[in-house]
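Read-outs throughout are calculated quantities, based only on the coordinates presented, and are distinct from any laboratory measurement. Because the structure is a prediction, the values reported are computed rather than measured. Counting neighbours? That spans all protein chains shown, and the Cβs are built from the backbone with ideal geometry, glycine included.
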Amino acid sequence: MSTKVIGLLGSPLSEGNTAQLLDQALKGASEAGCDVERIEVPFLKIKPCMEIFYCVEHETCRIQDDMQEMYRKFSELDGLIIATPVMTMGVPGALKSFMDRFQVFFMAKYLRKKPLVAEEKRTRRRCLLISISGMNIPDVFTGLKMTVQAFCHIVDCRYADELLIRDMDHIREIRTRPDLLKTAHDKGFELGKALVARE
């Protein structure tokens, strides 16, 4: 069985700095033997959570949109790479709305005690967070990390590693920092290697 790693891009810039870091991490995971897929969250056709609470009793959301396919993918994945800029000291809107729609997983796991992730997968799933911030200030990643860690708990994918890059307002182009691109690649490779070893 193949080892599946999904990369979530939280930036609307498909070839921007965050996207380049994600691509390097996915390349590393692929080289480690994983099947990889990049999902550009801002371009998914999804609505925000409307608190219908249909998911209290059902294993899906009443809203019919791209999230239905995402629920299937997230039940089956082995590894997750979330790559996003910090916006207003937190998660960008499109990515936050995407995460909020995983109330479907929250209700299944915590309310009905029937997680949507198979038991044999729960202990081995891993997440890598890659994030950039324009500002170089203390605690700029704190809000983002707390949200991502909560999301990881909900979808049973352990927060395992991170690459957090400050001061992008001065760096500007990530291509000028091949060391950071290599770090992203290497972290993706290590994630993939760990996942493949657990198969």
Using only the alpha-carbon atoms, how far is helix 142-154 inclined from the longest principal axis of the chain? Give it as 0 to 90 degrees, nearest 10. 40 degrees
Helix 178-198: angle to the longest alpha-carbon principal axis of the chain, degrees 0 to 90, nearest 10? 40 degrees
Starting from the coordinates of the alpha-carbon atoms of the stretch 1-52, obtain the Kirkwood hydrodynamic radius over all distinct pairs and give the value in Å to one decimal. 12.3 Å
Over the Cα atoms of the stretch 5-111, Rg to Rh with Kirkwood Rh, two decimal places? 0.99
In nm, give the distance between the simple-model label positions of Leu111 and Glu57, each being 7 Å from the Cα along the Cα-to-Cβ direction. 1.1 nm
With springs only between Cα atoms under 10 Å apart, run a GNM on the chain and tell me which of Leu164, Leu128, Leu80 wobbles the most. Leu164
If you take all C-alpha pairs in the stretch 97-163, what percent of them are over 14 Å apart? 63 percent
In this structure, the FRET efficiency calculated for Gln64 and Glu162 from their beta-carbon separation, with R0 = 45 Å, to the nearest 0.05, is 0.85
Given R₀ = 35 Å, FRET efficiency for Arg38-Asp139 by Cβ-Cβ distance, to 0.05? 0.75
Debye log10 I(q)/I(0) for the chain, one point scatterer per Cα, at q = 0.13, 0.16 Å⁻¹: -0.67, -1.01
Charge dipole of the stretch 12-123 built from unit charges on the beta carbon (Lys, Arg +1; Asp, Glu -1), centred at mean Cα; most positive-end Cα among Ala118, Cys34, Phe105 is Phe105
With charges only on Cβ, +1 for K and R and -1 for D and E, what is the dipole size of the stretch 1-141 about its Cα centre, in debye, rounded to 20? 460 debye
